[in-house]
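A quick write-up on the structure given underneath.
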Amino acid sequence: MFQFNGFNMVFPDGRIFKATYKCFSVSMLPGNERTDVEKGGKIIMPPSALDTLTRLSVEYPMLFKLNNTKKSRASHAGVLEFVADEGKCYLPYWMMDNLLLEEGDILDIESVSLPVATFSKFQPHSTDFLDITNPKAVLENALRNFACLTKGDVIAIKYNKKVYELCVLDTRPGNAVSIIECDMNVEFEAPVGYNEQHAATGTSSQGGDGAQGTSAGQGEVSGTGQGTAGVLEEVIETFQGSGVRLDGKKKKDSQVDTPVMKKVLPRGVPDYEFQFGMLRFDRSIKPISDRVQEEGATGGGVGSAAGSDPESFRGTGFSMKKTRK
């Protein structure tokens, strides 16, 4: 079984772990629901496998090749725990899809040693993946639950309560690589169906979207009444509704509800002719303080007609002290 070569011992077949188990999905695992297993690329094996691996002194990290001999499909995975029932192993559902396995099928597991990954390329199966702001950061965080990658596999990652499927198009330096404690360059291929959707949106943007943007710009100008040179304030009524007394009595005339008005600046229209790398400064918009002075100079208010500032704090005053008679 082994031979001596100086002070080194060579084990041709002794350090390879081989076993056959009935495979099940994680949902069939007894006990509480294990959602953490579905998020990664690791399996759960029985305790006897740990004893055998310890006696064989298998190198760490423990990586395994999964073979479905009936369908001639193979993949690679790490191990998460050794808590499965004897003769059974539990896999993530996406891994069973890759191996074309069903509940209770026979799966051959063999320990392997994989090279450390230096490059990988992924292709999303849906254009919804483009909605993620930083896909590389999301993928990096998701791959922390994986131990290895196999070329041709379709992995599943979860982000914001949504599952995204990614096809592993390429891995270097081999068709199966280990991604534990490695510096790996990642590239993304265009998602499946992206070209057709991009062409459809491109033609619509030249037609209907362009006309819609023009009409929206014209509507904003007509709403302000001052063209692009002026910006008016929107008056918003807050705290709408009527108040009720706690004692059930009717309110007095002095307690009649008066609407609370709030002035806010309207939202601007985006510049549809924006060019990357160019800054444009619009100096036609004047500050609010300057516009108030101009309105006073044109004689729009009562106080401005007399040549003075608008009257503030209108009304009569009251003294807090009672006058003695």
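Determine whether the range 139-152 contains at least one residue that is among the small types (G, A, S), on the phi > 0 side of the Ramachandran plot, open to solvent by less than 70 Å² (accessible area, probe 1.4 Å) and not assigned by the TED database to the domain that holds D170.
No, the range 139-152 contains no residue that is among the small types (G, A, S), on the phi > 0 side of the Ramachandran plot, open to solvent by less than 70 Å² (accessible area, probe 1.4 Å) and not assigned by the TED database to the domain that holds D170.
Of all residues in the range 28-51, which are more than 20 Å from L149 (Cβ to Cβ) and either of a type in the set (D, E, K, R) or exposed (fewer than 14 other Cβ atoms within 10 Å of the Cβ) (or both)? Those that are more than 20 Å from L149 (Cβ to Cβ) and either of a type in the set (D, E, K, R) or exposed (fewer than 14 other Cβ atoms within 10 Å of the Cβ) (or both): M28, P30, G31, N32, E33, R34, T35, P47, S48, D51. Of the residues making up the range 138-196, those that are in a helix (DSSP H, G or I) and over 26 Å from S113 (Cβ atoms) are V138, N141, Y194, N195, E196. Pairs are defined by a Cβ separation below 7 Å, a sequence spacing of at least 6 or placement on different chains, a first member in the range 13-38 that is under 22 Å from I157 (Cβ atoms), and a second member that is open to solvent by 50 Å² or more (accessible area, probe 1.4 Å) and of a type in the set (S, T, N, Q); no pair meets this definition.
The values are calculated or read from the model by the stated rules, or taken from the named source; none is laboratory data. Fair warning: this is a prediction, and the values are worked out from it, not measured in the lab. Positions of Cβ are backbone-derived with ideal geometry, glycine not excepted, and every protein chain shown enters the neighbour counts. Each accessible area value is taken on the protein alone, full model and side chains, heavy atoms only, with ligands, DNA and RNA left out. Shrake-Rupley method; radii C 1.70, N 1.55, O 1.52, S 1.80 Å.
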